[in-house]
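Step one of this worksheet: look at the structure below.
The values are calculated or read from the model by the stated rules, or taken from the named source; none is laboratory data. Worth saying up front: this structure is predicted, and the values here are computed from it rather than measured. Please note: Cβ atoms are built from the backbone with ideal geometry, for glycine as well, and neighbour counts cover all protein chains shown.
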Amino acid sequence: MTTTELSNTSQRPAVSTIGTDDLRAALAAGWADFKRAPAFGLFFALVYVAGGLALWFGLGAMGQPVWFVPIAAGFPLFAPFAAIGLYEVSRRLERGEPLSWPPVLSALRGRGDGQLALMAVGVLIVFGFWIILARGVFAIFMARSGIGFDSLGLLASAEGVFMLLVGSAIGAAVALALFAVTVISLPMLLDREVDFVTAMITSVETVQRNPRVMLTWAAIIAGLLFAAMIPAFLGLFVVLPVLGHATWHLYRRSVG
């Protein structure tokens, strides 16, 4: 890895050039951390899975099955926050600090300065924006097909397939933008005394400096999360912890 200092401020850390070897090493380290402390990974995965199932059954109970698709597409946006406790576990394992529930759970509050909460609010706003966009796309296609919002009939039609393609393209753009600002910023806010704006800028700088590697990482995250969600979210009990721990190690390799 080679390192270049970010310009114009001494407060920003250095950003490193990383390669595919770093991705493999981060994934291997993530798997190792999960095996060393499985209880923490399973707990945070359980919370995330419970949230997903609650949304799933809630939409069904309200007679809104058509929203399964946009909600399922947007749900992974919250995965980095579900993994914050896992970042703390990896940080402690890396530094040889003792592992216990109180400090790991307290990591969900960040450093107590509200920076992590501001990031969470930002993600909620983006999620709401995605739902509005999805509803707009659905409304356009449903008006053309004459099918109501409470029907899955549109999804089985040729026009419904095209609608899903359009919605997926929009969702991918939203998810990629959010990935760029959170992939490094969330573990950084846990690890360093920086504000959330500096953390987001550093995250974007890291993606810009390593586009091929970071886009590959984004594809790995998206592919594994969606595959893990298919069997009633059960695959997330392994995938989420490993990805969470691996993200910490990729952050450590990306930021000096």
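Below are the figures for this structure:
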read-out: Residue in region 5-21 that is more than 21 Å from T182 (Cα to Cα), surrounded by 19 or more Cβ atoms within 10 Å (Cβ to Cβ) and modelled with pLDDT under 80 present; value: no
read-out: Region 181-195, subset in a helix (DSSP H, G or I) and out of contact with any Leu (no Cβ under 8 Å at 6 or more places or on another chain), residue surrounded by the fewest Cβ atoms within 10 Å (Cβ to Cβ); value: D191
read-out: Residues satisfying the stated conditions in region 213-256, i.e. charged (D, E, K, R) and either surrounded by 22 or more Cβ atoms within 10 Å (Cβ to Cβ) or free of Cβ contacts under 8 Å to residues at least 40 places away in the same chain (or both); value: none
read-out: Per-region count, region 113-142, residues among the small types (G, A, S), more than 28 Å from L93 (Cβ to Cβ) and surrounded by fewer than 18 Cβ atoms within 10 Å (Cβ to Cβ); value: 4
read-out: Test: residue in region 60-80 that is modelled with pLDDT under 80, surrounded by fewer than 12 Cβ atoms within 10 Å (Cβ to Cβ) and not in a loop (DSSP other than H, G, I, E, B); value: yes
read-out: Residue count, region 94-112 (criterion: outside any helix (DSSP H, G or I), closer than 14 Å to L190 by Cβ and free of Cβ contacts under 8 Å to residues at least 60 places away in the same chain); value: 2
read-out: Close pairs (7 angstrom Cβ cut-off, 6 or more residues apart or separate chains): under 23 Å from R209 (Cα atoms) in region 14-42, modelled with pLDDT of 95 or more and not in a helix (DSSP H, G or I) anywhere; value: T17/N210; I18/N210
read-out: Residue in region 90-112 that is closer than 22 Å to A180 by Cβ and buried (at least 21 other Cβ atoms within 10 Å of the Cβ) present; value: yes
